[in-house]
1. Got a sec to turn the phi values of the stretch 220-235 into Karplus ³J(HN,Hα) couplings, 6.51 cos²θ - 1.76 cosθ + 1.60 with θ = phi - 60°, whole Hz, x for Gly and Pro?
2. Based on the alpha carbon coordinates of the stretch 82-138, what radius of gyration and maximum Cα-Cα distance (Dmax) apply, in Å?
3. Taking the alpha-carbon distance from LYS56 and a cut-off under 17 Å, which aspartates and glutamates remain once sequence neighbours fewer than 8 residues away in the same chain are dropped?
4. For LYS233, which aspartates and glutamates qualify as cross-link partners when the Cα separation must be under 15 Å and same-chain residues fewer than eight apart are set aside?
5. Only bridges whose two residues both fall in the chain count here: according to DSSP, what percent of them are antiparallel, nearest 5?
6. Tell me, what is the per residue accessible area of the stretch 99-239 in Å², probe radius 1.4 Å?
7. How compact and how long is the chain, expressed as Rg and Dmax of its alpha-carbon atoms in Å?
8. What's the center-to-center distance, using Cα atoms, between the stretch 85-119 and the stretch 216-276 in Å?
Amino acid sequence: MSILPAKLLNRSSLIIGACVALTVGSAAPAARAADAEAVTIDTTMIVKTPPVRLDKPAHAGRASVVLMTGGNGLLSLDATGTITTSTGNFLIRSADLFLRHGLNVMMADALPAHPTGLNFVARLSAGHAGELQGFINAAFNRWGKPVWVVGTSNGSISTVTAGGFLPALAGLSGVVLTSPVTVLNSGTQPTFNLYASRIVVPTLVAWHQDDHCSFSPPAGSAALLAVIPSAHKASRTFEGGHSVATDPCGAFSEHGYAGIEDKVVKDIAEFIRRED
């Protein structure tokens, strides 16, 4: 049965779409920027628009974010583009919050190119860099706004690839890494480190001070930030929330910002707006 993220299902019925300003009196109609929109995409580069419900209206889209989920990167989109797995992931369950801050949202699925999902090697590969370029192109072609790649947990490995692969990906305005996995294996750590040392686009690295996931220690996030040479980089450290996960790397632990999603997305949006 197809489902949408839990936070998106429990919303009043406002479907995201384009809006046009109403005519006032006898004045000519004034053009109004389209409201931020949420879409899904897979590695065939076909964009789909499943219904997304909000408790508050989306703001006019000022920039766009391509969201790279953690784990194996599988969203398992159905024929309508509705997400059927990974709905609890921090970025996916927070899609409506990005819209509220005027950011178009493109949620990327690893299928069909990666039927068993993305591992470390795949996320750092030239083939995946090509997929990321395709997502960036699709976001810009749809909205014509600056495009940022935002990753969480394992998805931040993809984000490092987006920012540090050569030749550089065209049309990338910046990257955001949340709870980044910085502890890789001996076969992939050197490539990850190399890509990180090449990131010159605006970069935000965010982590929870009580993240107990062994793959994303807070000290690793701080060290990653130090390696990135971008002249426009910043960090955000978060605390609090209400973890309900037994797995320290789980989506509803401190690693996944359980209970503080609003604060984290607000800070991400403010950084993107300031840089754009």
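1. My calculation for the stretch 220-235 gives x, 5, 5, 5, 4, 4, 5, 6, 5, x, 3, 6, 10, 10, 7, 10 Hz in order.
2. 12.8, 35
3. ASP35, GLU37, ASP96, GLU261, ASP262
4. Hits, sequence-local ones excluded: ASP267, GLU270, GLU275, ASP276.
5. Values: 4 of 34 bridges.
Taking every DSSP beta bridge within the chain, about 10 percent pair in antiparallel fashion.
6. Values: 5000 Å² over 141 residues.
Heavy-atom SASA per residue in the stretch 99-239 reads 35 Å².
7. Radius of gyration, then largest Cα-Cα span, for the chain: 17.9, 69 Å.
8. If we compute the Cα centre of each part, the gap is 16 Å.
The values are calculated or read from the model by the stated rules, or taken from the named source; none is laboratory data. Not measured: the values here are computed from a predicted model. Here the Cβ is made from the backbone with ideal geometry for all residues, glycine too, and neighbour counts use every protein chain on show. We work out accessible area using only protein heavy atoms, side chains counted, and drop any ligands, DNA or RNA first. Shrake-Rupley method; radii C 1.70, N 1.55, O 1.52, S 1.80 Å.
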